[in-house]
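The values are calculated or read from the model by the stated rules, or taken from the named source; none is laboratory data. What you are looking at is a predicted structure, and each value in this text was computed from that prediction instead of being measured. Note that each Cβ is placed from the backbone with ideal geometry, even for glycine, and that neighbours are counted across all protein chains shown.
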Amino acid sequence: MYKPITYLLILPLFSCVFFSQKQEELCADVTCEEISCEVGMMPEVVNGDCCPTCVPIDEEICNQQEENFRDFIQNFLETTNALVCQERTDCTSTGLDQFCDAHCSTLIIAREHKELFRQQAEEYAEENCVDCYTAQPCIEPEPPPIDCIEGLCGYGEYGDYE
């Protein structure tokens, strides 16, 4: 009397595994074109297709992405001592809006580390980030002046020396 129930539970599981293996075999020779999704969408293989289509991005993915990018920045600053300075002209800033949707943010950094940071942030973003938010132009207020304070770049009383 319980056998039909047992078979019913096993059959769907088996058929899903079988379908997945069959789909993998069907897609083995398919070459997918690289797709570019609109902001707020990401490429994902869905519904047994061989190639990805654009689907809405899950808000949790975006929140995790932002947190991971902040960790990347913190790690970069700590491992390279990228805030260390001798005088105010050693310090500058760089925009973050093109990396992992950092929402028009600006990072204060020692001038000698700016290009290395931008290169590594670009590589990080290419591997780890998707466009989560509607692209809007950055309208930022004038940032406070940047200075070298007690050997570290930060906001101070002098202007930014680009």
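Which pairs turn up if I take residues in segment 37-62 that are assigned to a helix (DSSP H, G or I) and of a type in the set (D, E, K, R) and look for partners that are surrounded by 14 or more Cβ atoms within 10 Å (Cβ to Cβ) and modelled with pLDDT under 85 with beta carbon separation below 9 Å, at least 6 apart in sequence or on another chain?
What qualifies is 59/132.
Only one of these is without any contact (Cβ under 8 Å) to a residue 60 or more places away in the chain, surrounded by 13 or more Cβ atoms within 10 Å (Cβ to Cβ) and in a strand (DSSP E or B): 108, 73. Name it. Spell out how you get there, then give the answer.
Values: 73 fails: in a strand (DSSP E or B).
Just one listed residue meets the conditions, 108.
Is there a residue in segment 118-130 that is modelled with pLDDT under 75, closer than 24 Å to residue 43 by Cβ and assigned to a loop (DSSP other than H, G, I, E, B)? Quick ask: steps written out before the conclusion?
Here is the first cut: in segment 118-130, the residues modelled with pLDDT under 75 are 130.
Now narrow it down to the ones that are closer than 24 Å to residue 43 by Cβ: 130.
Checking the rest, the ones that are also assigned to a loop (DSSP other than H, G, I, E, B) come to 130.
So far as segment 118-130 goes, yes, one or more of its residues are modelled with pLDDT under 75, closer than 24 Å to residue 43 by Cβ and assigned to a loop (DSSP other than H, G, I, E, B).
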